[in-house]
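Notes follow once the structure below has been shown.
The values are calculated or read from the model by the stated rules, or taken from the named source; none is laboratory data. Note that the structure is predicted; figures quoted are calculated from it, not measured. Methodologically, a virtual Cβ is constructed for each residue, glycine included, from the backbone with ideal geometry; neighbour enumeration extends over all protein chains shown.
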Ligand SMILES: [Zn+2]
């Protein structure tokens, strides 16, 4: 495995500047392309699975986090409030309180449930500069989050479906988690004390994990409830949480969330919190380390490198690059001014597809195809080659051809 910080700089994926601040990396164009492909995938998967996307602000009034419990139980990780006149606003430590308010903004009936609200949104963690670095310890986080508001009877099924989405995403990304962890409360005072809450939510999560091998660990729960964490390990074997599924019986009560049941009475929904790929920063850091920069084709910053043999083929090659752009493929031209063909192939070694254009190919309207793993394929008409590459990348698997 590689160090994502070193490789991220070498491959022009991301960097930082002391003037921007510790733990506040910026994304260079190639890194932004990877991130955007990942975000597009997540939104697409969510849309296909009945999630509705929302947007909510990155800050909220201090009172919002007092109600959610963050102010009492999570304040050490939050930024101090910003005073505006008589009000105090805080950079949000999570998206849950905002989504609870969105749920509460309309009357809800059992017919509306499960209501799956998803957002790729910013959240902020106050960490001392000494522990910050790369994309894994950051102060500004873009989280792939969702909250499913459902009846108590639906919660286990919803959580289980979320676990399946997570497994599919990991397969598409070429990621192998090290274990599933059932994170339970410990003895410290950071957990909310509500009689029966921990037992009930814990039982539901054990039911979700019925067919899954997992390890129960005390002291790793969220302050408001137990959770299932899907753990990955970095190049030094250090574990962290990538994806998570939680069943929350606390915040629905704190926000007094309700729905009208078939009996006409008011009932309390359950909130299932889930993240498929976690924060995009951590997910991309892990992708860099696992693949050493040779991302699955659908995630690669440059998917197609077009290499004309000589000056005479540059115009044709440029046309291939433009056709790629029209098809939504990320392509770049590597012309003869950059050196010998061998040198250019080496330079483009991380691009999953290298299309080589000589005089023979120009005459036939074809390209010769070289895959990243060294395989050489027979020449194909340009349209056919690009259609095939487009089909493979839109399927979002790890295979090259
Ligand atoms: Zn949440």
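Checking residue 317 against (1) assigned by TED's automatic domain parsing to the domain that holds residue 165; (2) surrounded by 22 or more Cβ atoms within 10 Å (Cβ to Cβ); (3) more than 20 Å from residue 12 (Cα to Cα): exactly one of these is not met. Which one? Every condition holds for residue 317 apart from (1). Output yes when any residue across region 285-301 is crowded, with 20+ Cβ neighbours inside 10 Å, touching a strand residue (DSSP E or B) at 6+ places or on another chain (Cβ under 8 Å) and assigned by TED's automatic domain parsing to the domain that holds residue 164, and no when none is. Yes.
Here residue 372 fulfils each of the conditions (1) farther than 25 Å from residue 175 by Cβ; (2) under 26 Å from the mean Cα position of the chain (by Cα) apart from (1). Restricting 205, 242, 257 to those that are touching a helix residue (DSSP H, G or I) at 6+ places or on another chain (Cβ under 9 Å) and part of a strand (DSSP E or B) reduces the list to 242. Restricting attention to region 86-113 and to residues that are without any contact (Cβ under 8 Å) to a residue 60 or more places away in the chain and closer than 19 Å to residue 265 by Cα, the residue that is nearest to the ligand (Cβ to nearest atom) turns out to be 105. Quick check: anything in region 246-269 closer than 30 Å to residue 5 by Cα, surrounded by fewer than 20 Cβ atoms within 10 Å (Cβ to Cβ) and within 16 Å of the ligand (Cβ to nearest atom)? Within region 246-269, not a single residue is closer than 30 Å to residue 5 by Cα, surrounded by fewer than 20 Cβ atoms within 10 Å (Cβ to Cβ) and within 16 Å of the ligand (Cβ to nearest atom). Of all residues in region 147-157, those being buried (at least 24 other Cβ atoms within 10 Å of the Cβ) and under 18 Å from residue 182 (Cβ atoms) number 1. Restricting region 208-239 to residues that are within 14 Å of the ligand (Cβ to nearest atom) and assigned to a strand (DSSP E or B), the residue that is farthest from residue 106 (Cα to Cα) is 229. Checking residue 278 against (1) at positive phi; (2) over 22 Å from the mean Cα position of the chain (by Cα); (3) in contact (Cβ under 8 Å) with a residue 12 or more places away in the chain, only one condition comes out false. Which one? It fails just one condition, (2).
Checking each residue in region 136-163 for being more than 16 Å from the ligand (Cβ to nearest atom), within 27 Å of residue 109 (Cα to Cα) and out of contact with any helix residue (DSSP H, G or I) (no Cβ under 7 Å at 6 or more places or on another chain) picks out 152, 153, 154, 157, 161.
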